[in-house]
Amino acid sequence: MSSQEEILSDGRFSCVTRDPRFWEMPEKERKVKIDKRFRAMFHDKKFKLKYTVDKRGRPVNYTSTEDLRKFYALSESDSDLSGSDSKEQTEKKKKKKKAKPKGEADS
(Lines give C-alpha, C1' and ligand atoms only; values in the text may rest on other atoms or scores of the structure.)
Protein backbone atom coordinates (compact mmCIF):
# COMPACT_ATOMS: atom_id res chain seq x y z
CA MET A 1 0.00 0.00 0.00
CA SER A 2 2.94 2.31 -0.42
CA SER A 3 1.79 3.64 -3.76
CA GLN A 4 -1.35 3.82 -5.85
CA GLU A 5 0.28 1.93 -8.72
CA GLU A 6 0.98 -1.13 -6.59
CA ILE A 7 -2.63 -1.28 -5.51
CA LEU A 8 -3.97 -1.00 -9.04
CA SER A 9 -1.53 -3.57 -10.40
CA ASP A 10 -2.63 -6.11 -7.79
CA GLY A 11 -4.94 -8.70 -9.35
CA ARG A 12 -7.40 -8.57 -6.47
CA PHE A 13 -8.14 -4.88 -7.10
CA SER A 14 -7.90 -4.72 -10.89
CA CYS A 15 -11.69 -4.55 -11.28
CA VAL A 16 -11.76 -1.28 -9.31
CA THR A 17 -10.28 0.71 -12.19
CA ARG A 18 -12.90 -0.54 -14.66
CA ASP A 19 -15.96 -0.46 -12.41
CA PRO A 20 -17.94 2.83 -12.69
CA ARG A 21 -19.14 2.49 -9.08
CA PHE A 22 -15.66 3.46 -7.93
CA TRP A 23 -15.06 6.33 -10.34
CA GLU A 24 -14.91 9.84 -8.91
CA MET A 25 -18.01 11.92 -9.43
CA PRO A 26 -17.64 14.70 -12.03
CA GLU A 27 -17.31 18.25 -10.70
CA LYS A 28 -20.44 19.43 -12.54
CA GLU A 29 -22.63 16.73 -11.02
CA ARG A 30 -21.21 16.97 -7.51
CA LYS A 31 -23.33 19.92 -6.39
CA VAL A 32 -27.10 19.77 -6.24
CA LYS A 33 -28.71 22.42 -8.42
CA ILE A 34 -31.37 24.40 -6.59
CA ASP A 35 -33.98 26.80 -7.85
CA LYS A 36 -33.75 30.58 -7.52
CA ARG A 37 -36.58 30.39 -5.00
CA PHE A 38 -34.18 28.87 -2.48
CA ARG A 39 -31.22 31.23 -2.95
CA ALA A 40 -32.06 32.95 0.33
CA MET A 41 -30.68 29.98 2.23
CA PHE A 42 -27.14 31.11 1.38
CA HIS A 43 -27.47 34.36 3.34
CA ASP A 44 -30.48 33.91 5.64
CA LYS A 45 -29.79 33.73 9.38
CA LYS A 46 -32.28 30.87 9.80
CA PHE A 47 -30.00 28.55 7.86
CA LYS A 48 -26.79 29.60 9.59
CA LEU A 49 -25.40 27.56 12.46
CA LYS A 50 -22.10 28.38 14.12
CA TYR A 51 -20.13 25.37 15.21
CA THR A 52 -17.73 25.61 18.14
CA VAL A 53 -16.69 21.95 18.21
CA ASP A 54 -16.69 19.23 15.56
CA LYS A 55 -18.26 15.80 15.97
CA ARG A 56 -15.19 14.54 17.82
CA GLY A 57 -15.09 17.45 20.27
CA ARG A 58 -12.24 19.41 18.71
CA PRO A 59 -12.68 23.20 18.69
CA VAL A 60 -13.43 24.75 15.29
CA ASN A 61 -14.47 28.10 13.90
CA TYR A 62 -16.98 26.96 11.30
CA THR A 63 -20.48 27.83 10.06
CA SER A 64 -23.06 25.77 8.21
CA THR A 65 -23.22 28.24 5.30
CA GLU A 66 -19.86 26.93 4.12
CA ASP A 67 -21.44 23.48 3.86
CA LEU A 68 -24.34 24.91 1.88
CA ARG A 69 -21.99 26.47 -0.66
CA LYS A 70 -20.05 23.22 -0.83
CA PHE A 71 -23.03 20.99 -1.62
CA TYR A 72 -25.51 23.30 -3.39
CA ALA A 73 -25.34 25.57 -6.43
CA LEU A 74 -27.93 27.79 -8.06
CA SER A 75 -29.16 26.31 -11.31
CA GLU A 76 -27.73 28.09 -14.34
CA SER A 77 -31.00 28.22 -16.23
CA ASP A 78 -32.67 30.15 -13.41
CA SER A 79 -29.81 32.59 -13.07
CA ASP A 80 -29.96 33.23 -16.83
CA LEU A 81 -33.70 33.83 -16.65
CA SER A 82 -33.38 36.23 -13.75
CA GLY A 83 -30.63 38.10 -15.60
CA SER A 84 -32.74 38.47 -18.71
CA ASP A 85 -35.73 39.55 -16.61
CA SER A 86 -33.71 42.28 -14.95
CA LYS A 87 -32.48 43.47 -18.37
CA GLU A 88 -36.05 43.64 -19.63
CA GLN A 89 -37.13 45.62 -16.57
CA THR A 90 -34.33 48.16 -17.01
CA GLU A 91 -35.23 48.56 -20.68
CA LYS A 92 -38.87 49.19 -19.75
CA LYS A 93 -37.82 51.81 -17.20
CA LYS A 94 -35.69 53.56 -19.81
CA LYS A 95 -38.59 53.60 -22.25
CA LYS A 96 -40.90 55.06 -19.59
CA LYS A 97 -38.37 57.78 -18.75
CA LYS A 98 -38.03 58.68 -22.42
CA ALA A 99 -41.81 58.78 -22.82
CA LYS A 100 -42.28 61.15 -19.84
CA PRO A 101 -40.45 64.19 -21.27
CA LYS A 102 -42.48 63.97 -24.49
CA GLY A 103 -45.73 64.00 -22.51
CA GLU A 104 -44.52 66.93 -20.40
CA ALA A 105 -43.55 68.94 -23.48
CA ASP A 106 -47.07 68.60 -24.90
CA SER A 107 -48.80 69.96 -21.79
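The values are calculated or read from the model by the stated rules, or taken from the named source; none is laboratory data. All values derive from a computational prediction rather than experimental measurement. So basically every Cβ, Gly included, is an ideal-geometry build from the backbone, and we count neighbours across all protein chains shown. The accessibility values were calculated without ligands, DNA or RNA, using every heavy atom of the protein model including side chains. Shrake-Rupley method; radii C 1.70, N 1.55, O 1.52, S 1.80 Å.
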Q) Can you give the accessible area per residue of region 27-80, in Å², using a 1.4 Å probe? A) 88 Å²
Q. Label points 7 Å out from Cα along the Cβ direction at ARG30 and PHE71: separation in nm?
A. 1.5 nm
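Pairs to check: LYS28/LYS50; LYS50/LYS70; LYS33/LYS55; LYS31/LYS55; LYS28/LYS48. Give those whose C-alpha atoms are more than 21 Å from each other in this structure.
Values: LYS28/LYS50 28 Å; LYS50/LYS70 16 Å; LYS33/LYS55 27 Å; LYS31/LYS55 23 Å; LYS28/LYS48 25 Å.
Beyond 21 Å: LYS28/LYS50; LYS33/LYS55; LYS31/LYS55; LYS28/LYS48.
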Q | Pair ARG21, MET41: separation of 7 Å Cα→Cβ label points (nm) | A | 2.9 nm
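Where a ≥ b ≥ c are the square roots of the eigenvalues of the C-alpha gyration tensor, would you call region 27-80 rounded, which needs a/c under 1.5, or, failing that, prolate if a/b is larger than b/c, or oblate?
Details: a/c = 4.37, a/b = 1.93, b/c = 2.27.
Oblate is the answer for region 27-80, as a/c is 1.5 or above yet b/c matches or exceeds a/b.
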